[in-house]
């Protein structure tokens, strides 16, 4: 296997020239992105180095508790991020997102770790933490997209929904089409990625493994698992999130809660 080429401090500093070029471009074109580029670059360095040191400490402990603690932090941050992306807040939304992310991500992570990869011990941080990060991150995006699309569809189709309710349809049936559109929206990015993977782009995990010296065919097998598990995690999480969220939009008498829809 090829030895992994280390990136020393000076070479890492040289990579900043790429951002300097973008900074100059933003200034010349009057894009107004100079401050965002500066803050984003500083946060990239600080956050990633912090994560690196934390992961080194977790790897050295070789115990399940800090590994699960790291995954729990991922879920909490993802929950907050997913909910903050939704324009209209609904009572219980944070709880719904937390449950959906925990269940959807946890189910996918457990299946991949135990059945597909066969990680031993099951809490091996070298596998569990990176895989959990990918799963939770994509599940978060799926839940946010599903929630956004459902709220937008409901706002635009209130007359249609109320007509169905007036005709005697139960609320879940009256809202079924909107829920389906929201699920499609959540899954489109994953499906698009599956369509072009390996042709238009080499995904990050596959590229990383090849750079680390792994056989391209081994990297391919891992990447296939990654693509499938991310699609599943998005689907599971989005379905669970919408199942709980949609119920907030109608009363026990199957009437639409108009105050939650907005003007």
Plugging the Cβ-Cβ distance of residue 41 and residue 64 into 1/(1 + (r/R0)^6) at R0 = 35 Å yields, to the nearest 0.05, a FRET efficiency of 0.50
Quick check: the distance between the Cα centres of the stretch 131-181 and the stretch 206-234, to the nearest angstrom?
32
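For 128, 256, what's the fewest-to-most ordering of other Cβ within 10 Å of each Cβ? Numbers along the way, then the final one.
Numbers: 128 22, 256 19.
Ranked by crowding around the Cβ, least crowded first: 256, 128.
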Stokes-Einstein D for the stretch 103-159, Kirkwood Rh over Cα pairs, 37 °C, 0.692 mPa s (µm²/s):
251
For the chain, take the longest principal axis of its alpha carbons; what is the angle in degrees between that and the long axis of helix 16-28, to the nearest 10 within 0 to 90?
50
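Convert 25 °C to kelvin, take the viscosity as 0.890 mPa s, use the Kirkwood radius over C-alpha pairs of the stretch 193-263 as Rh, and evaluate the Stokes-Einstein diffusion coefficient in µm²/s, rounded to a whole number.
On the way: Rh = 15.4 Å.
For these conditions, the coefficient is 160 µm²/s.
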Can you list, bin by bin at 5 Å, the percent of alpha carbon pairs in the chain, starting at 0?
1, 5, 10, 12, 13, 14, 14, 11, 8, 5, 3, 2, 1, 0, 0
Could you give the angle, 0 to 90 degrees to the nearest 10, between helix 216-247's Cα long axis and the longest principal axis of the Cα atoms of the chain?
30
Stretched out fully, how many nm does the piece from residue 26 to residue 228 gain, at 0.36 nm a residue minus the Cα gap?
68.9 nm
Summing -39500 (n - 2.57) over every DSSP H run of at least 4 residues in the chain and dividing by its residue count gives a helix-only mean residue ellipticity at 222 nm, to the nearest 500 deg cm²/dmol, of -25000 deg cm²/dmol
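Find how much the distance from residue 117 to residue 257 grows on full extension, using 0.36 nm per residue of separation minus their present alpha carbon separation; answer in nm with one decimal.
Here the answer is 45.8 nm.
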Can you tell me which of 81, 44, 231 moves the most in a GNM of the chain? Springs connect C-alpha atoms under 10 Å apart.
44
Which of rounded, prolate, oblate describes the stretch 1-69, given a ≥ b ≥ c as roots of the alpha-carbon gyration tensor eigenvalues and a/c under 1.5 marking rounded, otherwise prolate only if a/b is larger than b/c?
oblate
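Give me D for the stretch 134-261 in µm² s⁻¹, whole number, from Stokes-Einstein with Rh from the Kirkwood sum over alpha-carbon pairs, 37 °C and 0.692 mPa s.
Numbers: Rh = 16.4 Å.
The Stokes-Einstein estimate is 200 µm²/s.
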Return the single residue from 16, 145, 76 with maximal mean-square fluctuation; model: Gaussian network over the chain, springs between Cα atoms under 10 Å.
16
Could you state the angle between the C-alpha long axis of helix 93-111 and the longest principal axis of the C-alpha atoms of the chain, as a value from 0 to 90 degrees rounded to the nearest 10?
50
Applying a 10 Å radius around every beta-carbon, put 165-173, 222-230 in order of their mean neighbour count, most first.
222-230, 165-173
Quick one: the Cα spread of the stretch 1-142 along its three principal axes, in angstroms, biggest first?
51, 51, 24
What percent does the relative contact order of the chain come to when contacts are Cα pairs within less than 8 Å and at least six residues apart?
25
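FYI, it's all coordinate maths here, none of it is from the lab. These numbers were taken from a predicted model, which means no experiment stands behind them. We place every Cβ from the backbone using ideal geometry, glycine too, and count neighbours over all the protein chains shown.
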